[in-house]
Amino acid sequence: MATIDQFFQFLVDHGASDLHLGEGQPPKMRLHGTVIPIREETLNHAEMAHMMSEICGPQRWARFMESGDLDFAYEMNEDSRFRCNFLKQTNGLGCVFRLIPTKIMSLDELGIPPIVKEFGHMRSGLVLVTGPTGSGKSTTLAALIDYINDHFNRHIITVEEPIEFVHRNKRSILTQREVPEHCMTFAQGLKASLREDSDIVLVGEMRDLDTIQLALTAAETGLLVFGTLHTNNARKTVDRMVDVFPSDQQAQVRAMLANSLRGVVAQLLLKKSEAAGGGRMAVNEILVVNSATSAVIREGATQKLQDVIVAGKGQGMQFMDDAIWSAMQQGLVEPLEAYMKAIDKTRFRKFLGDDADRVL
């Protein structure tokens, strides 16, 4: 048993999501969105170096000491797996761990709108799952991949940094590759997947021009590509995809995106009200690409996407503020939480009551 497992077990026992360790400060955990200390005593250099080097092995430790950053996954036992990030900071060593559930929840259990399953039925194109860090994008994507694994005979390749959810082969074949252990970059892993008889490729993060360009090309040539971006809604997602490219290439990219994009699932996590049992819940904006969406993307008129989403409600589309509004109306979230996460704040302001003075 590794020394750090005592902290991991504390995290698991309390139902927390993240563990924060830093030299010169007490260990802390994130519980339902709030960071709280685990003990008063601070961590020293010897304690940090021992705990960190023990779980990553000598090669990774040498790489971390040279570069100052390291990402990998650690399995404490068959029920507890962690995404690990090592860093160097002002006071010395630091690390952050995210608990990855070993059981992959279904899309229904997560409360994801049923239309998202339809993206798993597609044979080609690009589907983007977006949201800020810690919004549950990986969990939703894992559920979608698991749905495909249950229902279709496909070869699915995932390129991740690190591998989070471990999938077992069911009806599909799953090949999971980790950056930089199995391929140096996301772009390299995606490029290689084109030669590996794949039907579906999941790209853990589409953060640079090369990866985005390859994803668009792969989607156009007949692969179904799932990717993630750190954007809050469908409009910002389309803008980010285009803005990564030099201005002289953007018209061509808009045309490629209009042809290959199949949908955007934007996600936020909201704190549930005490009356609804506490914890957190996902809310989603859903864009399903139809002829109207393609025309808007091709023109570069992304400000019209909100109207397309609202008009496409019958097709399963959903605007983020409407999803937040619905959660508030059902009493699942407090008006203050809805107000803080909404795009158009004026719609929620009148419900704030006593909280109005704190935010206005």
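Quick notes on this one:
- Solvent-accessible heavy-atom area per residue, rounded to whole Å², over region 133-254 at 1.4 Å: 42
- Region 1-95 shape via C-alpha gyration tensor axes, a/c threshold 1.5: oblate
- Estimated FRET transfer efficiency (ASN85, GLU40; beta-carbon r; R0 22 Å; 0.05): 0.35
- The Cβ shell under 13 Å around PHE165 holds other residues with a net charge of +1, Lys and Arg each +1, Asp and Glu each -1.
- Anisotropy class of the chain from Cα gyration tensor, a/c 1.5 cut: oblate
- Rounded if a/c under 1.5, otherwise prolate or oblate - region 76-162, Cα gyration tensor axes: prolate
- For q = 0.20, 0.21 Å⁻¹, Debye-computed log10 I/I(0) when each Cα of region 203-276 counts as one equal scatterer: -0.85, -0.93
- 3J(HN,Hα) along region 6-14, derived from phi through the Karplus expression 6.51 cos²θ - 1.76 cosθ + 1.60 where θ = phi - 60°, amounts to 4, 6, 4, 5, 4, 4, 4, 4, 9 Hz, with x in place of Gly and Pro.
- Couplings for region 124-129, taken from phi via the Karplus curve 6.51 cos²θ - 1.76 cosθ + 1.60 with θ = phi - 60°, read 7, x, 10, 10, 10, 10 Hz in order; Gly and Pro are left as x.
- Sequence-distant aspartates and glutamates (8 or more away, or on other chains) whose Cα lies within less than 17 Å of LYS117: ASP108, GLU109, ASP146, ASP150, ASP199, GLU285
- Counting only protein heavy atoms and a probe of 1.4 Å, the accessible surface of the chain is 48% carbon and sulfur.
- Cleavage-rule hits (trypsin sites (Lys or Arg not before Pro)) in region 181-210: DSSP loop, at most 13 neighbouring Cβ within 10 angstrom: ARG195
- Applying both filters, DSSP loop and at most 16 other Cβ atoms within 10 Å, to the GluC sites (Glu not before Pro) of region 60-144 gives GLU78.
- Sequentially through region 229-245, phi angles give Karplus couplings (6.51, -1.76, 1.60; θ = phi - 60°) of 9, 8, 10, 8, 8, 5, 4, 5, 5, 5, 4, 4, 4, 7, 5, 4, 8 Hz, Gly and Pro residues having no value and appearing as x.
- Taking the Cα atoms of region 187-334, the ratio Rg/Rh between the radius of gyration and the Kirkwood radius comes to 1.03.
- Modelled spin-label separation between HIS155 and GLN252, with each label point placed 7 Å from Cα along the Cα-to-Cβ direction: 2.9 nm.
- Amide H to amide H distances under 5 Å link THR158 with THR175, GLN176, ARG177, LEU202, where only residues 5 or more positions off or on other chains count and H is placed in the peptide plane.
The values are calculated or read from the model by the stated rules, or taken from the named source; none is laboratory data. What you see is a predicted model; the values in this text were computed from it and never measured. Heads up, the Cβs are rebuilt from the backbone with ideal geometry, glycines too, and the neighbour counts pull from every protein chain shown. Remember, those area values only see protein heavy atoms, side chains included, never the ligands or the DNA or RNA. Shrake-Rupley method; radii C 1.70, N 1.55, O 1.52, S 1.80 Å.
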